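Below: the structure, in structure tokens.
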Amino acid sequence: MKQNSQNVILIPTDFSEVCNNAVEHGMVLAKAMKSQVWLLHVFNKETEKYLKKNNLELSSLETQLKKTAEEYTKKYGISADSLIEQGNLFEKIKDVNDRIKAKFIILGTHGKAGFQKIAGSYVLKIVTSTNTPTIVVQKKSNAKGYKNIIFPITASTEDRQKVIWAITIAETFGATVHLIPKFESDKFLKSKIMNVTKQIKNIMSEYNINFIDKVSSPEAGNFAKQVIDYAVENNADLIMTLVNKDKTFFFSSWDEQIIYNSSQIPVICINPVDTKKTTWAKIW
């Protein structure tokens, strides 16, 4: 878990529909967690082109961002501030996040809509630029918060690092966590997954988190598809996944299928950290 994080939620925006939806997600989460919100726009070449094309001045975006913050402050009754930084999109998001030490980043992702086109490998670059859990949203709204959380479990022991965040969100919204261990025919991998799953269930029980244990099926094929299908069937509000910092330019097949799921279910991306440097890792 990220140490010394503040009760702040950072939401980058390019004023597109999906980024506005990301703001809604962030405000619902912030209200439930009694957090402060920072709305960030990074002024870069894409912004400059947008302003020139629409015959606008930077001041118009500053006014729009400030107005948005004021409207959401009034609507949700929590503090929402605005900030415009100039520079590289990824570097500035990281710089601002380092300064405010956000607990979460909410990132709206889209294809061709929105002039900054936060999609594809751009999203991964933003997600992996910090250790802050990032909730990636598309167009699915979040009026009631996260009530059903999907927690896939693979043979990676790093999957246990999702637990503290699952507990945090589940406690905040009174959510049910759906554990989905991946089926493995290999005896070693099967045993490993069973051990990891047992540890996760023990911690969930210790924190009185309501959870469901759903085993995947070898006949159902692709595990990512099984996770998404199960999420749809159970009206999931959030899917949890880990990202690999060693990936620089491209998503793995798993990442793409989960993050860009066609049902547009939000996904919280968590960066694995060196557990030797974390205090909460002692619970294992």
Amide proton proximity set for GLY108, modelled H, under 5 Å, gap of 5+: VAL137
Burial-style ranking of 207-213, 184-190, 128-134, average other-beta-carbon count within 10 Å with highest first, yields 128-134, 207-213, 184-190
Using 1/(1 + (r/R0)^6) with R0 = 22 angstrom and r between the beta carbons of SER185 and THR157, what's the FRET efficiency to the nearest 0.05? 0.65
Would you grab the residues whose amide H sits under 5 Å from the one on LEU238? Only those 5+ places off in sequence or on another chain, please, with H modelled 1.01 Å from N. ASN148, ILE150
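Test of understanding: what is the full-extension gain from VAL232 to SER262, defined as 0.36 nm times their sequence separation minus their Cα-Cα distance?
Full extension from VAL232 to SER262 adds 9.8 nm.
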Using θ = phi - 60° and the Karplus form 6.51 cos²θ - 1.76 cosθ + 1.60, what ³J(HN,Hα) does each residue of the stretch 84-96 get, whole Hz, x for Gly and Pro? 10, 10, 10, x, 5, 3, 5, 5, 6, 4, 5, 4, 5
ASN222 versus ARG99: modelled label distance in nm, points set 7 Å from Cα along the beta carbon direction: 4.1 nm
I want the local charge near GLU184. Using Cβ-Cβ distances under 9 Å, sum +1 for each Lys or Arg and -1 for each Asp or Glu among the other residues. +3
Taking square-rooted eigenvalues a ≥ b ≥ c of the alpha carbon gyration tensor, is the stretch 8-137 rounded, prolate or oblate, where a/c under 1.5 means rounded and, failing that, a/b exceeding b/c means prolate? oblate
Excluding LYS198 itself, calculate the net charge of residues whose Cβ lies under 12 Å from the Cβ of LYS198, where each Lys or Arg counts +1 and each Asp or Glu counts -1. +2
Calculated from backbone phi, Karplus (6.51, -1.76, 1.60) coupling profile of the stretch 56-69 in Hz, x at Gly/Pro: 10, 9, 4, 4, 5, 6, 4, 5, 5, 5, 5, 5, 4, 4
Are any of the pairs LYS31/LYS139; LYS74/LYS94; LYS34/LYS147 more than 26 Å apart by Cα-Cα distance, and if so, which? LYS74/LYS94
Could you name the aspartates and glutamates in cross-link range of LYS140, using Cα to Cα under 13 Å and dropping any fewer than eight places away on the same chain? GLU17, GLU24, ASP237
Starting at the first residue of the stretch 167-178, write each ³J(HN,Hα) from the Karplus equation 6.51 cos²θ - 1.76 cosθ + 1.60 with θ = phi - 60°, in whole Hz, x for Gly and Pro. 5, 4, 6, 4, 5, 5, 10, x, 8, 9, 9, 9
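Just so you know, all these numbers are worked out from the coordinates, no wet-lab data involved. Keep in mind that this is a model prediction, so the values were computed, not measured. Neighbour counts are summed over all protein chains in view; Cβ atoms, including those assigned to glycine, are modelled from backbone coordinates with ideal geometry.
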